[in-house]
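Trainee: What follows is a single structure, and I will ask about it in a moment.
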There are 2 protein chains.
Amino acid sequence: MTKRSVDMLILHGHVFTMEGSGVGAIDDGAVAIAGDSIVAAGPTPEILASYESQETIDASRFAVLPGLVDCHVHSPESLLRGVAQDVPDYMERAMAPFSRALRALDADLWLAGTRLNVLEALKAGTTTTMDYTTPYPGWAAFYERVGLRARLTPTINGLAPGAMSRAHGKPYEMDDAKGRRMLEAGLAFANRWDGAADGRLSVMIGPQAPDMLSRELLLEIKQIADQRNMMIHMHVAQGDREIAQMQARYGVRSIPFLEELGYLDERLFAVHLTEATDDEVRTLVKHGVSMGVCSGCIGLLDGIVPPAALFRSEGGVVGLGTDSASSNNAISLFNEMKLTALFNKIQAKRPDVIPAWEALRMATIEGARAIGLGDQIGSLEPGKQADLILVDLGQLNLAPTVRAPIRNIVPNLVYAATGHDVDSVIVAGQFLMRNRETLTADEAAIRSDAQAAAEEISRRVLADPQHKDLALLDAMRDGKL
Amino acid sequence: MTKRSVDMLILHGHVFTMEGSGVGAIDDGAVAIAGDSIVAAGPTPEILASYESQETIDASRFAVLPGLVDCHVHSPESLLRGVAQDVPDYMERAMAPFSRALRALDADLWLAGTRLNVLEALKAGTTTTMDYTTPYPGWAAFYERVGLRARLTPTINGLAPGAMSRAHGKPYEMDDAKGRRMLEAGLAFANRWDGAADGRLSVMIGPQAPDMLSRELLLEIKQIADQRNMMIHMHVAQGDREIAQMQARYGVRSIPFLEELGYLDERLFAVHLTEATDDEVRTLVKHGVSMGVCSGCIGLLDGIVPPAALFRSEGGVVGLGTDSASSNNAISLFNEMKLTALFNKIQAKRPDVIPAWEALRMATIEGARAIGLGDQIGSLEPGKQADLILVDLGQLNLAPTVRAPIRNIVPNLVYAATGHDVDSVIVAGQFLMRNRETLTADEAAIRSDAQAAAEEISRRVLADPQHKDLALLDAMRDGKL
């Protein structure tokens with residue numbers, strides 16, 4: 001029998017295909033890759049009987065998994081990592097002058113934040129990211145260059161400038177003209193980038209939140225999304241302020257409002273749902289909406305556990321997101337898997353809620369499905385994109401490897417691993433990192449450019465008189481930071 | 001002015017001395033070390049004006065902190081990492097045959113577990129560990145050899161063999177003769193090792209839990225601890241089963257029982273307190289008892305957040321513990337800092353509970369105080385032992401470094417760092433790890449010995465007919481592990 005020649009064979013790994021309803025474990029497993037796609041995954045002897053390749057990778061020390069999917073992140077915010085947390089009302093009391101300074105930066109400094117975010121994510125095993133920001137020059141091109149897969153969402157915000165700080169509990173003042181300009185910019189961005197980089201890049205449409213655009217603009221956006229067959233990426237029920245706004249403006253909470261508008265369908269990827277009631281969760285699931293949960297961010301900022309466990313148990317699809325380094329500090333799906341599993345156990349006071357395999361599914365195949373890429377990525381199946389990671393089980397924090405009568409690898413990936421245990425990252429059949437060395441980006445330059453941009457932000461914040469109101473200045477004075 | 005010659009100068013670091021009530025930040029800070037002790041810590045120009053050394057370390061890329069203190073761990077259990085979790089009643093339903101197999105192993109295989117645990121901890125920045133187990137040949141000698149600081153606690157358990165599984169809700173059968181033998185073995189161990197390795201090793205006395213020894217033996221142990229001026233390391237109020245036992249036997253809960261016995265004083269280090277009521281917490285604090293909290297373990301096994309925040313707010317001293325790789329999966333104080341801060345925010349539904357600086361204090365100076373070593377370690381002060389770690393702020397997950405108007409380093413150490421970001425570890429003035437290379441232990445041998453020991457456990461578990469009752473066998477069959 002002649003063997004089919006392929007571009008890469010990964011052999012002798014602890015393979016987890018994530019096919020079916022479990023994790024698809026294959027001891028002494030192999031993956032055959034041709035071009036940007038997976039040709040086969042199976043036991044090594046079977047794969048070697050059918051395929052040959054010039055390039056073979058000995059993965060006997062590694063867990064081989066689909067690359068991780070970060071379903072929600074605002075990448076430029078990486079420049080603000082760690083400057084604000086541990087205080088209630090953090091946006092206003094601890095973050096505001098930093099956010100203003102970041103927004104006022106030139107595009108090249110925003111790009112420094114995106115580059116830091118993307119490289120941090122890549123080194124922690126993320127192969128697909130859903131980046132949500134105002135489009136700026138160089139944003140999409142960087143993803144194209146570095147080789148990550150990305151679903152990019154240009155933000156559409158219809159608030160009048162300064163509306164939130166002026167509102168004092170009354171409905172925000174809207175500015176439809178501004179919102180429409182952002183919509184047009186987003187559509188132009190989609191025209192340019194949707195399907196670019198051999199399909200690695202795609203675009204969603206991003207009305208920021210139900211309380212941040214007028215009813216008219218929301219309806220217009222929904223119509224466009226339907227016409228263009230685009231998914232909608234939206235913060236929904238993300239805080240009590242949003243709910244209060246919706247009540248004040250329409251006399252109805254966010255989710256019934258969106259239902260009435262016709263937003264609730266499989267096209268909607270709803271992020272946070274911090275304030276969603278159990279009935280509202282059921283409504284979302286019933287309509288086929290998918291959920292993004294950012295456990296680390298919401299836990300740190302609000303001490304809240306969003307209803308991901310209920311969403312899943314009702315049959316909904318949930319993906320994990322990091323949100324931002326300014327709100328979560330860490331950009332790692334390993335962090336999110338662990339925190340999602342543990343926070344939900346604590347919420348329910350039961351250890352069997354979100355077991356390890358469910359967390360791993362949320363970070364891979366379910367995340368892929370949640371953002372509409374379930375047919376392309378998220379599992380190691382023939383015909384899917386060759387996005388996969390090798391995790392070093394030889395790290396002491398993951399040792400020993402036990403296979404019988406219980407296989408301990410998935411629990412250790414969720415509860416003991418960190419992003420630093422990822423040895424290699426492959427996207428669309430290409431190594432982006434190997435032996436922890438990034439191959440498509442200059443890590444030292446990214447670090448120093450991010451540092452320079454952060455120092456520029458520091459200067460601007462110090463020059464902003466309102467920085468004197470920062471809640472954490474007390475902690476600085478008291479020697480606690 | 002002549003300069004004093006010292007053995008090592010660490011220069012230009014982001015130093016956190018943990019002195020006083022905060023974190024003791026010194027930008028461009030330096031530490032002077034002579035022999036096993038810290039001579040001075042301060043701004044680099046001041047230190048360079050007073051001290052000189054052949055060995056200087058450029059720490060400009062690093063945070064320089066006291067080494068981390070793991071207040072509670074059972075080291076041999078590392079061989080069982082990841083084999084049992086995500087099920088209620090995990091000890092009986094998921095762990096029992098593994099525990100039996102571990103207990104039946106020879107001492108050299110227990111040592112394989114301890115070595116794995118110690119090296120994992122060291123590589124994650126732990127410089128002092130409170131290891132709690134039945135003493136076995138080679139245990140203390142390994143700590144002496146590898147150079148870690150350790151408070152070792154020989155377990156004293158006064159239950160008749162098999163008492164727990166036979167009890168069915170009735171009081172456990174006690175075996176005072178067995179308990180007394182374990183007490184004698186523990187005291188012999190203390191005679192040999194307390195103060196050994198130039199004082200790096202010390203010994204506590206370890207009655208396992210209030211329900212696991214007779215009242216008489218507990219009283220005898222307390223008397224000995226007072227006479228010998230030893231601290232007592234004990235699991236207290238660690239589960240509803242313990243409380244039920246105490247009620248059944250004495251008609252009183254664990255903490256009032258210990259109060260009546262005279263156990264509640266500064267000599268007692270009480271671990272877990274999972275079931276302690278608010279009033280019981282106040283009683284413990286009032287008597288000067290210190291607390292060990294194992295957030296990762298208790299969160300994973302029980303979905304419970306122990307009352308560490310209340311214990312601290314009442315004025316008590318709390319240290320962090322990992323407990324074991326079999327119950328927590330990770331042996332990293334970075335993990336415990338983050339989980340303790342986040343779990344307590346969730347418990348209280350408030351983001352200002354356990355801010356970053358409190359978590360860092362619990363992992364350093366407060367942990368040191370909790371275990372009675374506050375005068376020797378836990379902060380970088382003249383005269384204290386030179387136990388410190390260098391954390392690489394150049395890692396992308398910790399970048400950028402911001403110093404004004406808010407210093408972002410401590411929040412990032414707590415919320416974004418992992419043990420892998422630790423570059424170097426110094427204990428008693430000696431490098432144990434440098435540039436992530438361990439200098440006093442053979443990592444490859446430790447990994448392979450642990451793997452061999454784990455495979456021996458697998459064989460024994462497979463040969464134990466009761467392994468067929470393992471709750472996770474269903475998950476194995478269903479392809480979820």
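Trainee: Looking at A:Val318, A:Leu80, A:Gly383, which one has the Cα that reaches farthest to the positive end of the dipole of chain A (charges on Cβ: Lys, Arg +1; Asp, Glu -1)?
Mentor: A:Leu80
Trainee: Short version: ³J(HN,Hα) in whole Hz for each residue of region A:423-431, in order, from phi by Karplus 6.51 cos²θ - 1.76 cosθ + 1.60 (θ = phi - 60°), x for Gly and Pro, what are they?
Mentor: Values per residue, Gly and Pro as x: 8, 9, 10, 10, 10, 6, x, 10, 5 Hz.
Trainee: Along each of its three principal axes, how wide is the spread of alpha-carbon positions in region A:331-431, in whole angstrom units, largest first?
Mentor: Extents along the principal axes, in whole Å: 40, 32, 30.
Trainee: Have a look at the DSSP beta bridges in chain A and tell me what percent are antiparallel, nearest 5.
Mentor: About 45 percent, rounded to the nearest 5.
Trainee: If R0 is 56 Å, what FRET efficiency do you get for B:Ser313 and A:Asn191 from their C-beta distance, rounded to 0.05?
Mentor: 0.50
Trainee: Just tell me how shielded B:86-99 is by partners: mean number of partner chain Cβ atoms within 10 Å of each residue's Cβ, no decimals.
Mentor: Details: counts 15, 4, 3, 1, 2, 0, 0, 0, 2, 0, 0, 2, 3, 0.
Other-chain Cβ atoms within 10 Å of each residue's Cβ, averaged: 2.
Trainee: May I pose another question? Please enumerate, by chain and number, the lysines with C-alpha under 28 Å from the C-alpha of A:Lys3, excluding those fewer than 8 residues away in the same chain.
Mentor: Within the straight-line cut-off, A:Lys3 pairs with A:Lys384.
Trainee: Check the cysteines of the protein assembly as shown one by one and keep only those with no other cysteine Cβ under 4.7 Å from their own.
Mentor: That list is A:Cys71, B:Cys71.
Trainee: Mind checking the dipole of region B:51-166: about its Cα centre, +1 per Lys or Arg Cβ, -1 per Asp or Glu Cβ, Debye to the nearest 20?
Mentor: 340 debye
Trainee: Let me ask another. Quickly rank B:292-303, B:55-66 as a protection proxy: mean count of other C-beta atoms within 10 Å, highest first.
Mentor: Ranking, from highest mean packing down: B:292-303, B:55-66.
Trainee: What's the average, rounded to a whole number, of partner chain beta-carbon atoms within 10 Å of each residue's beta-carbon in B:8-18?
Mentor: Mean shielding by partner chains, rounded to a whole number: 0.
Trainee: Charges only on Cβ, +1 for Lys and Arg, -1 for Asp and Glu: so what's the dipole of the protein assembly as shown about the Cα centre, in debye to the nearest 20?
Mentor: 460 debye
Trainee: Another question, then. Explain nothing, just the number: dipole magnitude of region B:68-370 about its Cα centre with +1 on each Lys and Arg Cβ and -1 on each Asp and Glu Cβ, in debye rounded to the nearest 20.
Mentor: 380 debye
Trainee: Got the relative contact order for chain B handy, in percent, Cα pairs under 8 Å and 6 or more residues apart?
Mentor: 20 percent
Trainee: What is the sum of charges around A:Gly206, taking Lys and Arg as +1, Asp and Glu as -1, for the other residues whose C-beta is under 12 Å from the C-beta of A:Gly206?
Mentor: 0
Trainee: For a protection proxy built on the mean count of beta-carbon atoms within 10 angstrom, sort B:221-230, A:130-139, B:388-397 highest first, please.
Mentor: B:388-397, A:130-139, B:221-230
Trainee: How crowded by other chains is A:441-447, given as the mean number of beta carbons from other chains within 10 Å of each beta carbon? Before the final figure, lay out the partial values.
Mentor: On the way: counts 0, 0, 2, 1, 0, 2, 8.
So the per-residue partner count for this stretch is 2.
Trainee: Based on DSSP H runs of at least 4 residues, each adding -39500 (n - 2.57), what is the mean residue ellipticity at 222 nm of the protein assembly as shown after dividing by all its residues, to the nearest 500 deg cm²/dmol?
Mentor: -11000 deg cm²/dmol
Trainee: Write out the trypsin sites (Lys or Arg not before Pro) in region B:340-386 meeting two conditions: DSSP loop, and at most 12 other Cβ atoms within 10 Å of their Cβ.
Mentor: B:Lys349
Trainee: Okay, moving on. Taking 37 °C and 0.692 mPa s as the conditions, I'd like the Stokes-Einstein D for region A:68-370 in µm²/s, using the Kirkwood hydrodynamic radius from alpha carbon pairs.
Mentor: Translational diffusion coefficient: 171 µm²/s.
Trainee: What pairs in A:Lys338/B:Lys468; B:Lys123/B:Lys338; A:Lys170/A:Lys222; A:Lys123/B:Lys349; A:Lys345/B:Lys338; A:Lys345/B:Lys345 have C-alpha atoms more than 21 Å from each other?
Mentor: A:Lys338/B:Lys468; A:Lys170/A:Lys222; A:Lys123/B:Lys349
Trainee: Just to be sure I understand: of the beta bridges DSSP finds with both ends in the protein assembly as shown, what percent are antiparallel, rounded to 5?
Mentor: Numbers: 56 of 128 bridges.
Bridges in the protein assembly as shown that DSSP calls antiparallel: roughly 45 percent.
Trainee: Please report, for A:Gly262, the nm distances (one decimal) from its label point, 7 Å out from Cα along the beta-carbon direction, to the equivalent points in the remaining copies, shortest first.
Mentor: 8.2
Laboratory data are not the source of any read-out in this text; all were calculated from the coordinates shown. Given the structure is predicted, the values throughout are model-derived calculations rather than measurements. In this analysis, Cβ positions are derived from the backbone assuming ideal geometry, glycine residues included, and neighbour counts consider all displayed protein chains.
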